[in-house]
1. For segment 74-124, what relative contact order do you get, as a whole percent, if you take Cα pairs closer than 8 Å and at least 6 residues apart?
2. Among Val159, Ile62, Trp139, whose Cα lies farthest out toward the positive end of the dipole of the chain, if unit charges sit on the beta carbon of Lys, Arg (+1) and Asp, Glu (-1)?
3. Quick one: accessible area per residue over the chain, 1.4 Å probe, rounded to a whole number of Å²?
4. Against the 2.2 N^0.38 Å scaling, with N counting residues, where does segment 66-363 land? I'd like the Cα-based Rg ratio to two decimal places.
5. Could you rank Glu91, Glu98 by how accessible they are, 1.4 Å probe, largest area first?
6. Round to a whole number: what % of the accessible area of segment 3-61 belongs to carbon and sulfur, probe 1.4 Å?
7. Segment 155-209 to segment 41-72: how many Å between their Cα centroids?
8. Which order, highest average first, do 172-180, 229-237 follow once you tally other Cβ atoms within 10 Å for each residue and take the mean per peptide?
Amino acid sequence: MKTNLLNYDLPALTAHFAAMGEKPFRAKQVMRHIHLGGAVCFDDMTDLAKSLREKLTEHADIHVPALITEQHSADGTRKWLLDVGTGNGVETVFIPEETRGTLCISSQIGCALECTFCSTGRQGFNRNLTAAEIIGQLWWANKALGVTPKNERVISNVVMMGMGEPLANFDNVITAVNIMLDDHGYGLSRRRVTVSTSGMVPQMDKLREAAPVALAVSLHASNDAVRDTIVPLNKKYPLAILMAACRRYLEKAPRDFITFEYVMLQGVNDEIQHARELVALVQDVPCKFNLIPFNPFPNSGYQRSSSARIQAFRDVLQAAGLVVTVRKTRGNDIDAACGQLAGQVQDKTRRRQKWQILERKEAS
Ligand code: SAH
Ligand code: SF4
């Protein structure tokens, strides 16, 4: 089997070229061709010697996941479904806004963490995406969207808020993040790449060391009793432990903040008392809040909080001096809203198995 160079960040690509007896700058050249130029064929890299191109063609390839469908929403949101083999598909969404263009990418096929209000979580888990399959989403979207008239990339921000828990697929996510941040890759600044986690505490610590990008934490509840029921991972890493991890994450970058995501579920976590509890909970954590009106999906069993309730909740947080945004629902007509990404997940039976893997790994 050929080596897929899409799986490599710059250090790995440099090592690969060194093993071939090639200079490090070759790795930079090839990386630019792949990610800046969108090349999938070594023969198009005409600044490489023909002999090197032949050598590469023999043992390597640039294998991007195939595109299954592309959808356009009336509001400009776009969604791509990519083929990741054996009947599985993952979704990627582009959300244009006035001052930025955000790509929301997936990190796993399904998710093992079973948050009760999440369509991906309800589907079960199949497998981790490879680094090539993660960065392949940005590769496709970048190719489709290109640059603005001012020659700036249309995609200015990447959020790992699609299908899956990024920190449960740590190594591949780090490789993909490295490519996003690399000047020879997508050249995004650290603050324009956001990893969203439901609260995998040991991996949050590891992320801070490996690539301290912007961190979003899916909080969704103000106390352990409520969070235990909607984010099962809370039983393993309860709120006090999670808040301590958030504070540690910011130690290295004191000017940064945590974005707390909070899905508004009617009658579950949207009482005024919950808002007050939140204020106390996050008092030592520099943060912003993002209130997400629940996006329904078939048989979810939940309802979105009313706008009046969301506003009242926001007012309590704001009155305490917190910065709060209420997320606008985008791409509703193409099922591209937050938490609605379903993709195609075959063989969903591995969820329990995956949980066991997680338990074991962390115990060791
Ligand atoms: N696994 C990661 C990232 C993917 S989910 C995480 O949980 O953070 C991205 C965000 O969408 C999370 O905050 C998640 O809780 C939220 N979400 C999931 N289902 C939702 C739904 N049905 N409506 C609104 N937000 C949802
Ligand atoms: Fe997984 Fe995130 Fe969905 Fe929870 S909210 S099931 S962690 S994708």
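1. Result for segment 74-124 is 23 percent.
2. So the residue we want is Val159.
3. Details: 15930 Å² over 364 residues.
Dividing the accessible area of the chain by its residue count gives 44 Å².
4. Details: Rg = 18.1 Å, N = 298, 2.2 N^0.38 = 19.2 Å.
Ratio of Cα Rg to 2.2 N^0.38 Å: 0.95.
5. Glu98, Glu91
6. 55
7. Value for the Cα centre distance between the two parts: 25 Å.
8. 172-180, 229-237
The values are calculated or read from the model by the stated rules, or taken from the named source; none is laboratory data. Since we're looking at a predicted model, the values are computed, not measured. Note that we place each Cβ from the backbone using ideal geometry, even for glycine, and neighbour counts take in every protein chain shown. What goes into the accessible areas is simple: the full protein's heavy atoms, side chains included, and nothing from ligands, DNA or RNA. Shrake-Rupley method; radii C 1.70, N 1.55, O 1.52, S 1.80 Å.
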